[in-house]
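Asks: Just dropping this structure here.
The values are calculated or read from the model by the stated rules, or taken from the named source; none is laboratory data. Predicted model only: the values in this text are computed from it and were never measured. In this analysis, Cβ positions are derived from the backbone assuming ideal geometry, glycine residues included, and neighbour counts consider all displayed protein chains.
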Amino acid sequence: MLLRLDAAEIPLKAANREAGERLLVEAAQKDPSHFGDLYENNFERVYAYVARRLRNRDAAEEVTAEVFHAALANLGSYQWRGVPFAAWLLRIAANTIADRWHRAAREQGNAASNEPTHEDVSLEEVEERARLFRLVQKLPDVQRRVIEMRFAEEKSIREIALALQKTEGAIKQLQFRALTDLRARISKKTGEANG
């Protein structure tokens, strides 16, 4: 049975979500041991944002950790302004990435021409990427690894085949199955959201 929301219920759900998030922030500000809830609620958004810019899994994991470390360290100065907590985290992420690129440029003696572009990304786009990240994590291990290597690490079919000790044909088949599964799951989620 599908539940349909009345148009008046949508702002109420958003208000409840906002109030819940505000309570989590206030609890973490009083007792940092509550920061774990904020971490759990926002990890995928931050990781998706960072991974899109760095395109290197190790660097993305490292920067994501730095973002949450900085957020915890500065949580006392955070002031609720009615904007999702994730927006604050994404600003920290953008600054962390920029600092990393500036530091690398200085160390290499290069101009900042290697710096990634900082196009404005909406929270909705970050949410969509986080959903995709969650769906990829649900794939069977070998399919997930193929997708990560192919699209996040930008490796060739041949490189993946060598790394996973499989034939190129097997890698192509695994990629095809994974993408088919992801499309089906995305279509299902889109249908549920619209239905």
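Asks: Only residues in segment 126-137 that are over 14 Å from residue 181 (Cα atoms) and among the small types (Gly, Ala, Ser) count as the first member; pair them with residues that are assigned to a helix (DSSP H, G or I) and at pLDDT 75 or above, Cβ under 6 angstrom, at least 6 apart or cross-chain, and list the lot.
Replies: Pairs that qualify, where the first residue is over 14 Å from residue 181 (Cα atoms) and among the small types (Gly, Ala, Ser) and the partner is assigned to a helix (DSSP H, G or I) and at pLDDT 75 or above, are 130/44; 130/45; 130/48.
Asks: Under 26 Å from residue 87 (Cα atoms) and modelled with pLDDT of 75 or more: which single residue out of 131, 145, 177 fits that description?
Replies: Working: 145 fails: under 26 Å from residue 87 (Cα atoms); 177 fails: under 26 Å from residue 87 (Cα atoms).
The match here is 131.
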